[in-house]
Amino acid sequence: MSAPTPPARLGFGMNQRSPQSTIERTEQDNGQDNGQHPAGAESLLPSDAVVDLAALRGELGIDQVLTDVEQELVGLRQVKARLAELAALLVVDRVRERFGVRTQRPNLHMCFTGSPGTGKTTVAMRMAVLLNRLGYLRRGHLVSVTRDDLVGQYVGHTAPKTREVIKRAMGGLLFIDEAYYLYRVDNERDYGQESIEILLQVMENHRDDLVVVLAGYADRMDTFFRSNPGMASRIAHHIDFPDYSVDELTRIGDMMAAELGYAFAEETRVVFQDYLRLRRAQPRFANARSVRNAIERMRLRQAARLLEQKTVDYTDLRTLLPVDLQGSRVFQADVDDSGDRD
Amino acid sequence: MRITQGTFSYLPDFTDEEITAQVRYALSNGWPLSVEFTDDPHPRNIYWEMWALPMFDLHDAAGVLMEVNACRTAYPNHYVRINAYDASPGRQTVALSFIVQRPAEEPGFRLDRHEGSNRQIMYRAHSYATERPSGERYRPS
């Protein structure tokens, strides 16, 4: 076996180190370009052409996506407006491409702030699917993590851990719940800082591969951004999730009950609104999450009530009566401060 | 001498797009991937160093490419390969394995003959690269 010097091979990015192969590569690329260019040029529109936007909207299924969101999410006007804008940008970008104007993908990293139970995680899940359907994400899965999944226990543990999470989220959406815990003000040697630095790097270099969503309470998020200006500047969309009104919560309750195969009787709805008004005034109210708990308790009381009857029919099984809610401790005058009150 | 091994040994080296396509195929079959590197080109050297842990639960090829590029940056003059494991037979089985980086210059091998008792000839492949200590092989001098 002899050892002749091989001719420089094309292929791996690393071969660019040798100038000879770089030239060959460029020439080959040019050759390919020349082969493809006429085809590309044909599909380009002349600069005085007019494009039918409505048809393109239909083709991309944008209206379908937006109607789905409108129906499935109660309230959240800001979120819906932002989605509509993103969808519009997608359509416009497609048209621009047809005129030969190429644009970088928009920065999609987001920050969701709001009280507990205002739908941050739910929206993130929807957002992943939507961005996938709009063509911004390749796969559209959601990887939901907290500090524990990103930050390691000892020196050298954090980087591989964070990178593993990032790799899993590639092509989808990385949802970091209560992101401010990544940064501990009181301990400057905390490993969270390392994790933040890796995240920043990935948010910058892999913009096409994943979307990072940070979520948490508004005030703590502010503190977090103030101590990490790099993070703040890389996030383009700050979306606030306001607390729901009683009407919105009632509609959410309706939808949750329907999902479980129940329906409110007409009078129940009135009692439910009274319940929500009382419950909102009490501490530890968690918006939609409290509604879910209330419905769970109603199911239990309904089941107990039905067992006392001799027979039941389909309507009985489906219907939640005011009585099922009135047993709640929220309606009792002497509510103490302990225990659950849903 | 160009070292060849693994699944696509008869093809020219892959571009990053082609690597991505192969990784996507592996992921679509549910095979976890791992990145390995070495600077010992001997064909019997099957134990390459692992670059981090095998990557489970991935959905997208971009994550694997990220590791490949990290390994290329750390070891620009080493061989780097990607392995895909198929666990469905119930044991660790390599389903796909191919080289994604090779040194710019590969000096190749020398055949040594050793005459033993009864004029029996033993053959041995000697890699020129291994004449330098590990880590310094393939470094452009």
Being in contact (Cβ under 8 Å) with a residue 40 or more places away in the chain and among the hydrophobic types (A, V, I, L, M, F, W, C) is the filter here; which residues of segment B:65-81 pass it?
B:Leu65, B:Val68, B:Val80
Tell me, which residue of segment B:46-62 that is more than 10 Å from the chain's Cα centre (by Cα) and more than 7 Å from chain A (Cβ to nearest Cβ) is farthest from B:Gln101 (Cα to Cα)?
B:Phe56
Yes/no for B:Gly116 being small (Gly, Ala, Ser), touching a strand residue (DSSP E or B) at 6+ places or on another chain (Cβ under 9 Å) and facing another protein chain (nearest Cβ under 7 Å):
no
Just give me the residues in segment A:296-321 being part of a helix (DSSP H, G or I) and among the basic types (Lys, Arg), in sequence order.
A:Arg297, A:Arg299, A:Arg301, A:Arg305, A:Arg318
Being in a helix (DSSP H, G or I) and either surrounded by 14 or more Cβ atoms within 10 Å (Cβ to Cβ) or in contact with a Phe, Trp or Tyr (Cβ under 8 Å, 6 or more places away or on another chain) (or both) is the filter here, so list the residues in segment A:64-77 that pass it.
A:Val65, A:Leu66, A:Asp68, A:Val69
From (1) surrounded by 13 or more Cβ atoms within 10 Å (Cβ to Cβ); (2) assigned to a helix (DSSP H, G or I), pick out the condition that doesn't hold for B:Thr73.
(1)
Filter segment A:146-171 for residues that are of a type outside the set (Val, Ile, Thr), away from every other protein chain (no Cβ under 14 Å) and surrounded by 18 or more Cβ atoms within 10 Å (Cβ to Cβ) and give the result.
A:Arg147, A:Leu150
Where residues in segment B:63-86 are farther than 21 Å from A:Asp208 by Cα and small (Gly, Ala, Ser), which of them is nearest to the other protein chains (Cβ to nearest Cβ)?
B:Ala74
From the list A:Leu200, A:Leu210, A:Leu182, which residue is crowded, with 20+ Cβ neighbours inside 10 Å, more than 11 Å from chain B (Cβ to nearest Cβ) and of a type outside the set (Val, Ile, Thr)?
A:Leu182
Looking at B:Leu58, B:Leu65, B:Leu11, B:Leu27, which is the one that is of a type outside the set (Lys, Arg), in a loop (DSSP other than H, G, I, E, B) and buried (at least 20 other Cβ atoms within 10 Å of the Cβ)?
B:Leu58
Take A:Tyr154 and tell me if it is more than 24 Å from A:Leu131 (Cα to Cα) and in contact with a strand residue (DSSP E or B) (Cβ under 8 Å, 6 or more places away or on another chain).
no
Mind listing whichever residues of segment A:254-268 are over 25 Å from the mean Cα position of the chain (by Cα), in a helix (DSSP H, G or I) and loosely packed, with under 15 Cβ neighbours inside 10 Å?
A:Glu266, A:Glu267
Among the residues of segment A:90-145, how many are within 14 Å of chain B (Cβ to nearest Cβ) and part of a helix (DSSP H, G or I)?
4
Which ones in segment A:278-295 are more than 16 Å from A:Phe241 (Cβ to Cβ) and assigned to a loop (DSSP other than H, G, I, E, B)?
A:Gln282, A:Pro283, A:Arg284
Spot the failing condition for A:Thr113; the list is (1) within 24 Å of A:Asp219 (Cα to Cα); (2) polar (S, T, N, Q); (3) more than 14 Å from the chain's Cα centre (by Cα), and only one is missed.
(3)
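FYI, it's all coordinate maths here, none of it is from the lab. Everything numeric in this text was worked out from a predicted model, so none of it was measured. Using ideal geometry, Cβ is built from the backbone for each residue, glycine included, and neighbour counts are taken over all protein chains shown.
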